[in-house]
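Enquirer: Sharing a structure here in structure tokens format.
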Amino acid sequence: MVDVHRKTNMKISSEIPIKSPRLSTKQEISIPPPSTFRAAELLPASDAACSAYEHYIKLDELKKLWETNEFPGWTWEKLLKPALQGLELTFRFVSSALFDTRPYSNKREWKKRLEKLATTQVEIIAELFEEDEDENHQTWHKKIPESQISEESLLPRLATWKKTEDFAKKVYSSIELEMMKIPYNLGLGEPNVSHKPSLDYDLICKPLKLHGMKQSIVISQNFEDHTLFTIHQLLETWIHVSKMVLENVVSMITSKDFEKASSSCWLLEKIWKLLGDIEETHLLMDPDDFLRLKNQLSIKARAETELFCFRSRALIDITKLSKDLRHKVPEILEAVVDPMGGPRIQEAAMSLYRRKDEFERIHLLQALQAVEMAVKKFYYSYKQLLVIVMGSLEATANKGVGNIDSGGDLLDQIVLEPTYYPSLDAAKTFLGYYWSHEREVWSRGGSHSDLS
């Protein structure tokens, strides 16, 4: 691992001055110099490794389901369809994990983890529906009477089986609670005391086609093969959702709809956390069965860029897109970057934080930094996951724990990379110092300094 306490003697960048020009004090504030540490360019694994991964999880067939358009007038169908399919995949996950015939499977913990995954997805789906303000939605959701429920979804079946009825009840309660503000139900058999119309869930989600996708490679007598297949189908589905949310955020910022952009950013943060929760289900796989499967599938990281997460091209894409949101900060602050490296962006942020009259912009900036934290947390947790599930040698791409160069491996570099938002970081540093100085001045009976 890279030493996080490593010191640097490089000069301070002109973007973050030692003393703010707007801070009227006789003291100076010293802030840590910006690190010269930079992560290597994030690239997917080799084409062969990526193609093998995509073939294994039937990604091409998944994409066809995501992109099917049943309602041309409903612009949010392309976003909500894969979200509902992710929830349906979780129902399939439950039907396999809780009916696992192996006596050593930790069914109790599987149930807890999958309940959390399902309820988190329901929460996110409800938020997506809240953001869907398409005027045409009133025409398509009334196609199904309130008494009719999905015939293809696995959830109504799970509600009738003793091993899974508690899971189904919890999901139904979550749907009822989260969809309370939405003028229709999902149509999965949840309570409908308000007599709201239902979605045509089967037409939108297409559960039969989703569950009908068979594995390209089937390893006989290894139950973890199906588990791994389902985990990564679920992961890729929500990665696809997050990519479209990212595109919406950029569009909203461009149109200066900062309130909606902020809401979508907080939603994006939740999805990044969900991705981490999905990955952590690997912890419940039996070590011997999983490592045997890993050998049978010839999964081996010969270089750090071939770690399993880097075989997902879409994950690389959303990581880069999440990082590139930093380029929208000048647009949000309505400030022009100083070509000479001056602190214009920092000063604009400090002024915004102090005025509080355009709080939608503040909310958006906070949400952007929350997304950064969620991205780095995902990769930090993934590194620990690799160590626990596959061993430390595999987690370092066979370089060995003591042989990592001073730059660290690629996962370390992603986590330890300096903040995506140095100007916001500097603005908060100076703002914090300003209030500390004000307290000192007040205690001495002096006058307030000015921070415009």
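Enquirer: Which one of ARG354, ARG344 is in contact with an Asp or Glu (Cβ under 7 Å, 6 or more places away or on another chain) and over 20 Å from LEU267 (Cβ atoms)? Outline the logic, then answer.
Expert: Working: ARG354 fails: in contact with an Asp or Glu (Cβ under 7 Å, 6 or more places away or on another chain).
One residue alone meets the criteria, ARG344.
Enquirer: Here's something else I'd like to know. When you check LYS356 against the structure, is it of a type in the set (Lys, Arg) and surrounded by fewer than 19 Cβ atoms within 10 Å (Cβ to Cβ), yes or no? Walk me through how you get there before you give the answer.
Expert: On the way: of a type in the set (Lys, Arg): yes; surrounded by fewer than 19 Cβ atoms within 10 Å (Cβ to Cβ): yes.
For LYS356, the condition - of a type in the set (Lys, Arg) and surrounded by fewer than 19 Cβ atoms within 10 Å (Cβ to Cβ) - is met.
Enquirer: In the range 179-195, is there at least one residue being within 17 Å of LEU89 (Cβ to Cβ), over 25 Å from the mean Cα position of the chain (by Cα) and of a type in the set (A, V, I, L, M)?
Expert: Of all residues in the range 179-195, those within 17 Å of LEU89 (Cβ to Cβ) come to 186, 188.
Adding the requirement that they be over 25 Å from the mean Cα position of the chain (by Cα) leaves 188.
If we keep only those that are of a type in the set (A, V, I, L, M) as well, we get 188.
Yes, the range 179-195 has at least one match.
Enquirer: Could you check the range 65-91 and list, in sequence order, the residues that are within 21 Å of the chain's Cα centre (by Cα) and more than 20 Å from GLU131 (Cβ to Cβ)?
Expert: Going through the range 65-91, the residues within 21 Å of the chain's Cα centre (by Cα) turn out to be 66-67, 76-91.
Once the filter is applied, which keeps residues that are within 21 Å of the chain's Cα centre (by Cα) and more than 20 Å from GLU131 (Cβ to Cβ), the range 65-91 yields GLU67, GLU88, LEU89, THR90, PHE91.
Enquirer: Could you please let me know if GLU360 is at pLDDT below 90 and either among the acidic types (Asp, Glu) or more than 30 Å from CYS309 (Cα to Cα) (or both)? Give the derivation first.
Expert: Working: at pLDDT below 90: no; either among the acidic types (Asp, Glu) or more than 30 Å from CYS309 (Cα to Cα) (or both): yes.
The answer is no for GLU360.
Enquirer: I'm told GLY342 meets every condition in (1) out of contact with any Leu (no Cβ under 8 Å at 6 or more places or on another chain); (2) of a type outside the set (Lys, Arg); (3) closer than 30 Å to LEU43 by Cβ except one. Can you identify the failing condition by its number?
Expert: (3)
Residue by residue, here is whether (1) modelled with pLDDT of 95 or more; (2) assigned to a helix (DSSP H, G or I); (3) surrounded by 13 or more Cβ atoms within 10 Å (Cβ to Cβ) holds:
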| site | (1), (2), (3) |
| --- | --- |
| LYS111 | yes, yes, yes |
| ILE124 | yes, yes, yes |
| PHE129 | no, yes, yes |
| GLU135 | no, no, no |
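Enquirer: To continue, here is another question. Quick check: anything in the range 200-210 among the charged types (D, E, K, R) and assigned to a helix (DSSP H, G or I)? Write out each step before concluding.
Expert: The first filter runs over the range 200-210 and keeps only residues among the charged types (D, E, K, R), leaving 200, 202, 206, 209.
Filter once more, keeping what is assigned to a helix (DSSP H, G or I): 202, 209.
Yes, there is a match, as at least one residue in the range 200-210 is among the charged types (D, E, K, R) and assigned to a helix (DSSP H, G or I).
Enquirer: Among the residues of the range 55-66, are any more than 16 Å from LEU158 (Cβ to Cβ), outside any helix (DSSP H, G or I) and among the acidic types (Asp, Glu)?
Expert: Here is the first cut: in the range 55-66, the residues more than 16 Å from LEU158 (Cβ to Cβ) are 55-66.
Checking which are outside any helix (DSSP H, G or I) leaves us with 57-58.
Next, only the ones that are among the acidic types (Asp, Glu) stay: none.
Within the range 55-66, not a single residue is more than 16 Å from LEU158 (Cβ to Cβ), outside any helix (DSSP H, G or I) and among the acidic types (Asp, Glu).
Enquirer: List pairs: first in the range 376-393 and farther than 18 Å from PRO418 by Cβ, second modelled with pLDDT of 95 or more and among the small types (Gly, Ala, Ser), Cβ under 6 Å, 6+ apart or cross-chain?
Expert: SER381/GLY276
Enquirer: Residues being surrounded by fewer than 16 Cβ atoms within 10 Å (Cβ to Cβ) and over 23 Å from LEU246 (Cα atoms): count how many of those fall in the range 43-60.
Expert: First pass over the range 43-60, keeping only residues surrounded by fewer than 16 Cβ atoms within 10 Å (Cβ to Cβ): 43, 46-48, 51, 55, 60.
Next, from what is left, pick out any that are over 23 Å from LEU246 (Cα atoms): 46-48, 51, 55.
The total comes to 5.
Enquirer: On to the next question. MET373 - would you say it is aliphatic (A, V, I, L, M) and modelled with pLDDT under 95? Walk me through it before giving the result.
Expert: Values: aliphatic (A, V, I, L, M): yes; modelled with pLDDT under 95: no.
So MET373 fails the test.
Enquirer: May I pose another question? Hey, does the range 67-87 have a residue that's surrounded by fewer than 18 Cβ atoms within 10 Å (Cβ to Cβ) and acidic (Asp, Glu)?
Expert: Step one: of the range 67-87, the residues surrounded by fewer than 18 Cβ atoms within 10 Å (Cβ to Cβ) are 67-70, 72-73, 75, 78.
From what is left, the residues that are acidic (Asp, Glu) are 67, 70.
Yes, the range 67-87 has at least one match.
Enquirer: Please specify each residue of the range 370-393 satisfying the condition of being charged (D, E, K, R) and outside any helix (DSSP H, G or I). Show your work before the answer.
Expert: Step one: list which residues in the range 370-393 are charged (D, E, K, R), which gives 372, 376-377, 383.
Selection gives nothing.
Enquirer: Can you pull out every residue in the range 160-188 that is part of a helix (DSSP H, G or I) and within 18 Å of PHE129 (Cβ to Cβ)?
Expert: Taking the range 160-188 as the starting set, the residues that turn out to be part of a helix (DSSP H, G or I) are 165-178.
Correct list: VAL171, TYR172, SER173, SER174, ILE175, GLU176, LEU177, GLU178.
Enquirer: Those residues that are buried (at least 22 other Cβ atoms within 10 Å of the Cβ) and over 27 Å from the mean Cα position of the chain (by Cα), I need them from the range 159-172; list them, please.
Expert: So the first thing to find is which residues in the range 159-172 are buried (at least 22 other Cβ atoms within 10 Å of the Cβ), and the list is 164, 167-168, 171.
Once the filter is applied, which keeps residues that are buried (at least 22 other Cβ atoms within 10 Å of the Cβ) and over 27 Å from the mean Cα position of the chain (by Cα), the range 159-172 yields only THR164.
Enquirer: Which residue, of ILE231, ILE253, ILE239, is touching a Lys or Arg at 6+ places or on another chain (Cβ under 6 Å), part of a helix (DSSP H, G or I) and at pLDDT 95 or above?
Expert: Numbers: ILE231 fails: touching a Lys or Arg at 6+ places or on another chain (Cβ under 6 Å); ILE239 fails: touching a Lys or Arg at 6+ places or on another chain (Cβ under 6 Å).
On inspection, the qualifying residue turns out to be ILE253.
Enquirer: Restricting attention to the range 96-109, which residues are in a helix (DSSP H, G or I) and either basic (Lys, Arg) or crowded, with 20+ Cβ neighbours inside 10 Å (or both)? Don't jump to the end; show me each part of the working.
Expert: Pass one, the range 96-109, residues in a helix (DSSP H, G or I): 96-97, 107-109.
Result: ALA97, LYS107, ARG108.
The values are calculated or read from the model by the stated rules, or taken from the named source; none is laboratory data. These figures come from a predicted structure and were not determined experimentally. Don't worry about glycine lacking a Cβ; one is built from the backbone with ideal geometry, like all the others, and counts go over all protein chains shown.
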